[in-house]
Amino acid sequence: MKNDSKIQALKRLVGIVAALRSPGGCPWDREQTPASLKRYLLEEAYEVLEAMDGEDAREIRVEMGDLLLQLVLLSRMFEERGLFDLGDVADAIGDKLVARHPHVFQGTAIADRDDLDRQWDRLKAKEKNPHRGKSILDGIPQQLPALLKAQKMTERAARSGFDWQDIKGVEKKISEEVKEFLEACDSGSRTDMESEFGDLLFSLVNLARFLDISAEDALRKSIGRFRRRFQFIEEKLRERGQALENSSLEEMDALWNQAKRALP
């Protein structure tokens with residue numbers, strides 16, 4: 001699609017949303033608020049991720065459209081309050097991208113990826129609200145999923161030099177945390193078990209960071225595999241006229257192995 005067509009398509013969407021929010025528009029859309037949109041914004045973002053896992057271009061486009069709708073609708077709500085509109089949002093992110101990429105727009109030299117990361121952190125620090133704290137961990141949203149939040153925190157800390165020298169240090173830490181978790185299990189203290197289990201998860205997130213793996217994506221994909229394989233077991237049992245509760249663990253385990261061979 002040509003640039004002018006893209007602009008027209010976006011203008012059309014903005015006009016549709018304005019009509020939906022108008023006095024003669026849709027009652028559901030008119031009653032929504034920024035607060036009520038939070039859940040839909042989050043849900044649509046995760047549906048985009050799920051579509052991306054499936055690698056179906058049409059499905060990805062549809063889900064991205066649903067997410068874009070939430071952003072346009074949210075911008076419209078703030079425009080109605082006289083605060084800002086979608087154009088202001090686009091200008092703000094455009095200005096931020098130019099400011100944070102001087103190596104692209106100003107010809108600043110960058111030695112390597114680590115140098116780029118340090119530059120990014122320095123530029124972000126300059127943008128901070130002066131009323132906020134001075135921690136390098138500031139700005140990480142509290143609402144992020146725990147694994148994603150943990151990985152972002154360790155990335156920030158590592159760029160400041162608070163990190164292991166190599167992956168062997170992380171592996172050793174994981175071994176220590178496994179031992180401490182098992183000791184907590186033996187103690188019978190639920191508080192200690194929860195604490196040590198959290199430490200173990202946090203160490204695994206560090207390992208993912210060292211390997212350049214997204215811990216959040218890795219777990220989400222594992223959940224998807226489990227779901228597909230478990231549903232395979234359910235389907236095969238139904239074909240036999242059996243219910244899950246009336247099937248033995250050995251039968252289900254055999255079907256699980258079949259599912260692992262049949263499904264990615």
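Worth a mention:
- Qualifying residue in region 31-39 (condition: surrounded by 15 or more Cβ atoms within 10 Å (Cβ to Cβ) and either over 26 Å from Lys124 (Cα atoms) or out of contact with any helix residue (DSSP H, G or I) (no Cβ under 6 Å at 6 or more places or on another chain) (or both)): yes
- Pairs are defined by a Cβ separation below 7 Å, a sequence spacing of at least 6 or placement on different chains, a first member in region 216-230 that is free of Cβ contacts under 8 Å to residues at least 60 places away in the same chain and outside the structural domain of Val205 (by TED's automatic domain parsing), and a second member that is outside any helix (DSSP H, G or I) and of a type outside the set (Phe, Trp, Tyr); the pairs so defined are Arg228/Leu263; Arg229/Leu263.
A quick yes/no check of all residues on (1) modelled with pLDDT under 95; (2) of a type in the set (Lys, Arg):
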| residue | (1), (2) |
| --- | --- |
| Val205 | no, no |
| Ala208 | no, no |
| Arg220 | yes, yes |
| Ile233 | no, no |
| Ala254 | no, no |
| Pro264 | yes, no |
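- Within region 49-63, tally of residues that are buried (at least 16 other Cβ atoms within 10 Å of the Cβ), aliphatic (A, V, I, L, M) and modelled with pLDDT of 95 or more: 1
- On the stretch given as region 68-86, residues that are out of contact with any Phe, Trp or Tyr (no Cβ under 6 Å at 6 or more places or on another chain), surrounded by 12 or more Cβ atoms within 10 Å (Cβ to Cβ) and in a loop (DSSP other than H, G, I, E, B) total 1.
- Across region 152-163, a minimum of one residue is classified as surrounded by 11 or more Cβ atoms within 10 Å (Cβ to Cβ), in the same structural domain as Glu196 (by TED's automatic domain parsing) and farther than 23 Å from Phe197 by Cα.
- Within region 235-258, the set of residues being part of a helix (DSSP H, G or I), surrounded by 10 or more Cβ atoms within 10 Å (Cβ to Cβ) and not polar (S, T, N, Q) comprises Glu235, Lys236, Leu237, Arg238, Leu244, Glu251, Met252, Asp253, Ala254, Leu255, Trp256.
Okay, residues lined up against (1) more than 30 Å from Gly224 (Cβ to Cβ); (2) assigned by TED's automatic domain parsing to the domain that holds Gly224; (3) among the aromatic types (Phe, Trp, Tyr):
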{"site": "Gln32", "(1), (2), (3)": "yes, no, no"}
{"site": "Met64", "(1), (2), (3)": "no, no, no"}
{"site": "Phe78", "(1), (2), (3)": "yes, no, yes"}
{"site": "Ala111", "(1), (2), (3)": "yes, no, no"}
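- Candidate set: region 21-58, residues that are in contact (Cβ under 8 Å) with a residue 24 or more places away in the chain and more than 22 Å from Asp217 (Cα to Cα); chosen: the one nearest to the chain's Cα centre (by Cα): Leu37
The values are calculated or read from the model by the stated rules, or taken from the named source; none is laboratory data. For clarity, every value in this text was computed on a predicted model and none was experimentally measured. No Cβ is skipped: glycine too gets one built from the backbone with ideal geometry, and neighbour counts run over all protein chains shown.
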